[in-house]
Amino acid sequence: MSDQAMAPGRVFLVGAGPGDPGLLTQRALELMHHCDVICYDLLVSDAILAQIPQGKTLIPVGYRGYCGTSIEYGMHPDVVAQALAGHEVLRLKAGDPFIFGRGTEECLCLQYHGIDYQVIPGISASLGAAAYTGFPLTSNGMASDVTFASGHKASTTISNWAALGQGSGTLVLYMGAKKIALHAQELISQGKPADTPLAVIAAATSTRHRVMHSTLAKAGQEIAEFDNGDPMLVVIGDVVTLADKLDWRSKLPLSGVQILACTEHRQLIEPLKLAGAIVIEPVTRHVTLDIEDGLWQQLMSQFALHLMDRTSAEALLAACRHRRLDLRDLPWALTAEGDGVTLLAEQGVFVESAAQEGAMVIQQHTKGVAINYDYDPVNSAIKPASRVLVDDCHSLIFLISNQLLATKAVVMSQCTEVLELAQELGFVAESMANHDECAEKGLQSVA
């Protein structure tokens, strides 16, 4: 079939939320795996892009605010071209695609080209910014309504300044922070008190989340010092003062910390997230185990074996499969410890945990236990991390070889060999003796 006759693919307009990957919808994550091509805004955070599986085609499209140019197309031409070539295309947009996301223009453009589309909402920036800063957008006795407005262009684009100036509800200005002096002047001229509190939130919900509290009268003078180039939005109204009482995010010990994790121990990750860290897991690792012929010959001469860990149990099972043997038919008195007992039970092999006297002991580091590691290619959007959590030296070396560790990065691990190697290579090593120490050690790393 020629390219001209090829049936077009589909486009999924997906809201990526404000920045924290934990706020992605389930459908957004599913479509990251389903689509072959991901076309993403420059406002989409690195932590969210890190959730995209390896092997996808990543195309940066869109623009950042205040670029000084007008957009002369509906849907970005690269998105249209990929869909017309038959691809399933994920158009990943910061926030929500239908709140100041040019959703109307993009959908009409796709209709014009005969391309089917679906729209998946995301958490809009204002919702995430308010929640993570610690104030609601509405509150009984303080604000019973909220207005979303675009402040990107000249203030004349807001149709009813008089209503906004005289209203008592909350006003949210998207893309209006750089022009806050003009907007504040207009609101004050229309009756809004000059001492009305406001908050400017930058990089909402990400590790760079920052807040400037001010008033209509002062914000124009203060914004230049606060602005570091991160996307910002403005919330105007009495509700922002509730942050003094309701703030929760900044009190978490690892708030503002991003950790790159390459671990199979899920119990280590959750305490870090609960302590406020954003944890990304960008590396897909495949581990294959076996027992080399020399060690296998030794095992066959034994009357009893004791498996010290899950790795040795996995290696023994793999060796039996490789040699087309049933472990239950072999002449050993078999015992195991910890996770090894559980793994064997899952395979229908039930063993005791107490080793027999004279049993040959096998563990992960026994010579002849073959452990082979294979890693999928790393998502090109992932940036070097200042803090990492890794299980073993192979993973640490892989991260280093792919330039995923920043200079003087903190390396956290339960493995002594990893910590020693990290120190030898000039990194800061933090021991994770058990998962209860994760959040505490992570905090020490920040300090």
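Read-outs: derived from the displayed coordinates by stated rules, not from any lab. Bear in mind that the values here come from a model prediction, so they are computed numbers and not experimental data. Please note: Cβ atoms are built from the backbone with ideal geometry, for glycine as well, and neighbour counts cover all protein chains shown.
PRE reach from residue 324 (point 7 Å along Cα→Cβ): which of region 344-360 fall under 16 Å by backbone N?
none
Between residue 248 and residue 36, 0.36 nm times their residue separation minus their Cα-Cα distance comes to what? Could the numbers behind the result be given before it?
Values: separation 212, 0.36 × 212 = 76.32 nm, distance 3.85 nm.
Gain on stretching residue 248 to residue 36: 72.5 nm.
Along the principal axes of its C-alpha atoms, what lengths does the chain span, in descending order and rounded to whole Å?
93, 61, 41
Tell me which lysines have Cα within less than 16 Å of residue 251's Cα, excluding those fewer than 8 residues away on the same chain?
Output for residue 251: 273.
Give the lysines reachable from residue 192 as a straight Cα distance under 29 Å; neighbours fewer than 8 places away on the same chain don't count.
153, 178, 179, 218, 245
What is the list of residues in region 263-303 whose amide nitrogen lies under 13 Å from a point 7 angstrom out from the Cα of residue 370, following Cα to Cβ?
288-297
Given the -39500 (n - 2.57) contribution per DSSP H run of 4+ residues, what per-residue ellipticity at 222 nm results for the chain, rounded to the nearest 500 deg cm²/dmol?
Values: 16 runs with 133 residues, N = 447.
The per-residue figure over the chain is -8000 deg cm²/dmol.
Could you tell me which of rounded, prolate or oblate describes region 286-372, using a ≥ b ≥ c as the square roots of the eigenvalues of the alpha-carbon gyration tensor, with rounded for a/c under 1.5 and, failing that, prolate when a/b is larger than b/c and oblate otherwise?
On the way: a/c = 1.29, a/b = 1.14, b/c = 1.13.
Rounded is the answer for region 286-372, as its axis ratio a/c remains below 1.5.
At 7 Å along Cα-to-Cβ for each site, give me the label-to-label distance between residue 353 and residue 431 in nm.
Inter-label distance under the simple model: 2.4 nm.
Using the C-alpha gyration tensor of region 10-123, what are the square roots of 5 times its eigenvalues, in whole angstrom, with the largest one first?
After scaling each eigenvalue by five and taking roots: 19, 17, 13 Å.
When you count, for each residue, the other Cβ atoms within 10 Å and take the mean per peptide, how do 393-401, 281-289, 169-177 rank with the highest first?
Working: 393-401: 18.6, 281-289: 16.4, 169-177: 23.2.
Order by mean packing, descending: 169-177, 393-401, 281-289.
As a footprinting exposure proxy, order 161, 248 by other Cβ within 10 Å, with the fewest listed first.
By the 10 Å Cβ count, ascending, the order reads 248, 161.
As a footprinting exposure proxy, order 326, 230 by other Cβ within 10 Å, with the fewest listed first. Working shown, then result.
Numbers: 326 10, 230 18.
The order, fewest Cβ neighbours first, is 326, 230.
Could you work out which residue, out of 298, 51, 190, moves most in a Gaussian network model of the chain, that is, has the largest mean-square fluctuation with Cα springs under 10 Å?
Result for the chain, Cα springs under 10 Å: 298 fluctuates most.
Go ahead and run the numbers for FRET between residue 213 and residue 346, Cβ-Cβ distance against an R0 of 56 Å, rounding to 0.05. Intermediate results must be reported in sequence, preceding the final value.
Working: r = 55 Å, r/R0 = 0.98.
Efficiency computed from Cβ-Cβ geometry: 0.55.
Mind sorting 325, 31, 334 by how few other Cβ atoms lie within 10 Å of their own Cβ, fewest first? Mind dumping the intermediate values first?
Values: 325 11, 31 19, 334 23.
Least crowded to most crowded, the residues run 325, 31, 334.
Any chance you could run the full-extension gain for residue 7 through residue 293? It's 0.36 nm times the residue separation minus the Cα-Cα distance, nm to one decimal.
Details: separation 286, 0.36 × 286 = 102.96 nm, distance 5.38 nm.
Contour length minus Cα-Cα distance gives 97.6 nm.
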